[in-house]
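Step one of this worksheet: look at the structure below.
The values are calculated or read from the model by the stated rules, or taken from the named source; none is laboratory data. Being a predicted model, the structure only gives us computed values, none of them experimental. Note: ideal-geometry Cβ built from the backbone for every residue, glycine included; neighbour counts use all protein chains shown.
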């Protein structure tokens, strides 16, 4: 025990493993697969049957690296019996892959759930029509620091949450994802969507959102800077300040959350985003109810790859009946996409005009 009886070692930081994991078939051979999906699955002992990518040479290189099969077609990959289908595909390709899966299959879909809300609705319709047991890979929910934070909140160590601040000032290497360089929606749809989804899990659905997202004159990426306020009424304040163009050295860069309750508070550093993809260690500190100082929570892993372990573990356990709830199911993920869509609509709308001097 430490401050006020708070025991950081008691906080849950991992997801239970499935007793009999099913084989995983991955669609896509981009950097996220080699950097996060496959390292996570190997660490957890989840079997990977193979992967498919329309660029067969790239798929073969990655498959050889990890000792798995490089399938030659979507149909061949989709034919693997009792597989968990892991879509690490660009959002515009999700629907076509889902259509090719067997009815009733289990799938994990890379975020976002389509390029916009219309595509998300189409994906939801496909999943309903084919009775797919599908979730979206909002894996930040499963990062050890986030599981510990949620456990601390559930145990009452912060009291009632009244403030959530996300502050990012860093340099993100967008060139690692070629398909994003010409995408019409980038920052909110591909990055801050993680934070919006996590906030929804912690605070519920907001009444609305005020947002402005924009690019930068030094490059052509559609948006890399966002300011947003989520409306939770007159008790909870929730704000995000995101700047991916702070390219002036590490000294004053930041990637952090500050979460305040009526009786305690939490500070988190999301180290992965600082010097991505190498990153820095994540940090979680809690000023607990009844305490007089901040307490560092020893973390049992990092966002990459450990969050991908928990994300897949939930899907596997749901598929085998060991767990009743599929976290971030397509039904729930659609609401995150609706929040993203509202943020873009807010950004495109005119601001409240300021009165002119009489």
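For the reader, a short list of remarks on this structure follows.
- Pairing each residue of the range 130-143 that is closer than 14 Å to residue 330 by Cα with any residue that is surrounded by fewer than 21 Cβ atoms within 10 Å (Cβ to Cβ) and at pLDDT below 95, provided the two are 6+ apart or on different chains, yields no C-beta distance under 9 Å.
- Filtered residues of the range 80-92 (kept if part of a helix (DSSP H, G or I) and crowded, with 18+ Cβ neighbours inside 10 Å): 91
- Meets criteria (buried (at least 20 other Cβ atoms within 10 Å of the Cβ) and either under 28 Å from residue 239 (Cβ atoms) or touching a residue at least 12 places away in the same chain (Cβ under 8 Å) (or both)) for residue 306: yes
- The requirement of being more than 15 Å from the chain's Cα centre (by Cα), under 30 Å from residue 45 (Cβ atoms) and assigned to a strand (DSSP E or B) is fulfilled nowhere in the range 325-337; no residue meets it.
- Scope the range 294-318; condition farther than 12 Å from residue 46 by Cβ and either outside any helix (DSSP H, G or I) or modelled with pLDDT under 95 (or both); matching residues: 294, 295, 296, 297, 298, 299, 300, 301, 302, 304
- Scan of the range 191-239 for residues that are touching a helix residue (DSSP H, G or I) at 6+ places or on another chain (Cβ under 9 Å), assigned to a loop (DSSP other than H, G, I, E, B) and free of Cβ contacts under 8 Å to residues at least 60 places away in the same chain, ordered by number: 215, 219, 221, 222, 223, 224
- Unmet criterion (only one of (1) part of a helix (DSSP H, G or I); (2) touching a residue at least 60 places away in the same chain (Cβ under 8 Å)) for residue 272: (2)
- Matching entry among 156, 125 (being assigned to a helix (DSSP H, G or I), out of contact with any helix residue (DSSP H, G or I) (no Cβ under 9 Å at 6 or more places or on another chain) and surrounded by fewer than 24 Cβ atoms within 10 Å (Cβ to Cβ)): 125
- Residues in the range 240-265 that are buried (at least 22 other Cβ atoms within 10 Å of the Cβ) and outside any strand (DSSP E or B): 244, 264.
- Among the candidates 29, 57, 9, 77, residue that is part of a helix (DSSP H, G or I) and surrounded by 19 or more Cβ atoms within 10 Å (Cβ to Cβ): 77
- Scanning the range 161-177 for residues that are out of contact with any strand residue (DSSP E or B) (no Cβ under 6 Å at 6 or more places or on another chain) and in contact (Cβ under 8 Å) with a residue 12 or more places away in the chain yields 171, 172, 173, 174, 176, 177.
- Among the residues making up the range 185-220, those that are more than 16 Å from residue 239 (Cα to Cα) and over 19 Å from the mean Cα position of the chain (by Cα) are 214, 215, 216, 217, 218, 219, 220.
- All positions within the range 266-303 that are surrounded by fewer than 17 Cβ atoms within 10 Å (Cβ to Cβ) and at positive phi: 275, 279, 290
Residue-by-condition table, conditions (1) surrounded by 17 or more Cβ atoms within 10 Å (Cβ to Cβ); (2) assigned by TED's automatic domain parsing to the domain that holds residue 118; (3) in contact (Cβ under 8 Å) with a residue 60 or more places away in the chain:
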| residue | (1), (2), (3) |
| --- | --- |
| 314 | yes, yes, yes |
| 319 | yes, yes, yes |
| 325 | no, yes, no |
| 335 | no, no, yes |
| 344 | yes, no, yes |
| 349 | no, no, no |
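- Some residue of the range 178-185 being buried (at least 17 other Cβ atoms within 10 Å of the Cβ), out of contact with any strand residue (DSSP E or B) (no Cβ under 8 Å at 6 or more places or on another chain) and not in a helix (DSSP H, G or I): yes
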